[in-house]
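A.B. asks: My questions all concern the structure below.
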Amino acid sequence: MTSGKLLKKYFWFLRAFQSGPISRQEISRRWLSSPMNDDKKALARSTFYHMKNELEDLFDVSIATNEKGEFYIEQSFKENEEFRKWLLNSLAVESSLEDYANMHGRIMYETIPGGVQYLQTVVDAMQLCYRIIIRYGSFVHEPREFIFAPYAVRIYKQRWYAIGESSDHPGEIRTYAFDRFMQVSTTNSTYEIPEGFDVKKYDIVVRVARKGVSYLRTLPLHKSQQEINTTPEYSDFQFHLAPNFEFMQEILGRGDEAEVLSPESIRTKFADIIANLHAKYTK
């Protein structure tokens, strides 16, 4: 079996265990009709346990059994558990779509915007704390180049973003979308991540007027959303994220129902946008 086919076989079994708790008999039954099972042979007991052990070593997971003898991937409390879980799910989904290519007309999915080809370069620079040079395209400005210290990357609504400090805005934490990257190169200049920086603890507090509160409660803008203060006239919502274009558009789209309270740098950014809009409508 080629390495490519073997890897797809691993992904098939990974998906099976992810759907757990699941019995060995049920996995064997699914294997009989799987497009990965070329010779349509039954799954031997020894092959099953060999694959289980291989998955645990290869993907650093623990496949446990419950009181019924069913198998499942056990939740761990490792520091990188959230990232590992996202990675495994992404690999499993991609493998599923490829395995069942004959069903392309019956599986709907979103296209991830461009720029992902630069992810490896950015992450490698993060690993060594090297600054990078980004040629960046914008909807409102001509393409420009700047030096950037990448503190973190994240994905939001199918888009990848780089978070850090740019030479255009020293002393500020900025967010740039990968699908606007036109070119990325690494420098030999190093940087230090500011003490206490944590991309998960980048707090933004937004005050929402009463008529808009129910909407946000029903359809949160982000998984980190928390209602931290409630009054008869308004509620304050806190978000743990780096503000990107889409998030800012969501807030601006609520007009005078929403007001950014903190941090001051984001509040100032919104004030500038609103001032520009006011100038356009009062000419």
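A.B. asks: Take the range 255-265 and flag every residue that is assigned to a helix (DSSP H, G or I) and over 21 Å from Y215 (Cβ atoms).
C.D. replies: Selection gives E264, S265.
A.B. asks: Could you look through the range 168-182, keep only residues that are open to solvent by 50 Å² or more (accessible area, probe 1.4 Å) and of a type in the set (A, V, I, L, M, F, W, C), and pick out the one that is nearest to the chain's Cα centre (by Cα)?
C.D. replies: Here the residue is I173.
A.B. asks: Do we find that E227 is at pLDDT 90 or above, farther than 24 Å from A177 by Cβ and among the charged types (D, E, K, R) in this structure?
C.D. replies: no
A.B. asks: From the list V208, V199, exactly one residue is modelled with pLDDT under 85, surrounded by 13 or more Cβ atoms within 10 Å (Cβ to Cβ) and either of a type in the set (A, V, I, L, M) or touching a Pro at 6+ places or on another chain (Cβ under 8 Å) (or both). Which is it?
C.D. replies: Residue meeting the stated conditions: V199.
Matching residues to (1) surrounded by 14 or more Cβ atoms within 10 Å (Cβ to Cβ); (2) over 16 Å from R131 (Cβ atoms); (3) within 24 Å of the chain's Cα centre (by Cα):
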| position | (1), (2), (3) |
| --- | --- |
| F148 | yes, no, yes |
| Y161 | yes, yes, yes |
| V184 | yes, no, yes |
| S189 | no, no, no |
| P194 | no, no, yes |
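A.B. asks: Let me ask something else. Please verify whether V213 is more than 20 Å from E246 (Cβ to Cβ) and assigned to a helix (DSSP H, G or I), treating the condition exactly as stated.
C.D. replies: yes
A.B. asks: Here's another thing I want to ask about it. Please go through the range 6-48 and pick out each residue that is touching a helix residue (DSSP H, G or I) at 6+ places or on another chain (Cβ under 9 Å), of a type in the set (K, R) and either surrounded by 14 or more Cβ atoms within 10 Å (Cβ to Cβ) or assigned to a helix (DSSP H, G or I) (or both).
C.D. replies: Passing the criteria: K8, K9, R15, R24, R30, R45.
The values are calculated or read from the model by the stated rules, or taken from the named source; none is laboratory data. Owing to the predicted nature of the structure, the values given are computational and were not obtained by experimental measurement. Quick reminder, even Gly has a Cβ in these numbers, built from the backbone with ideal geometry, and neighbours come from all protein chains shown. Heavy atoms of the whole protein, side chains included, go into the accessibility calculation; ligands, DNA and RNA do not. Shrake-Rupley method; radii C 1.70, N 1.55, O 1.52, S 1.80 Å.
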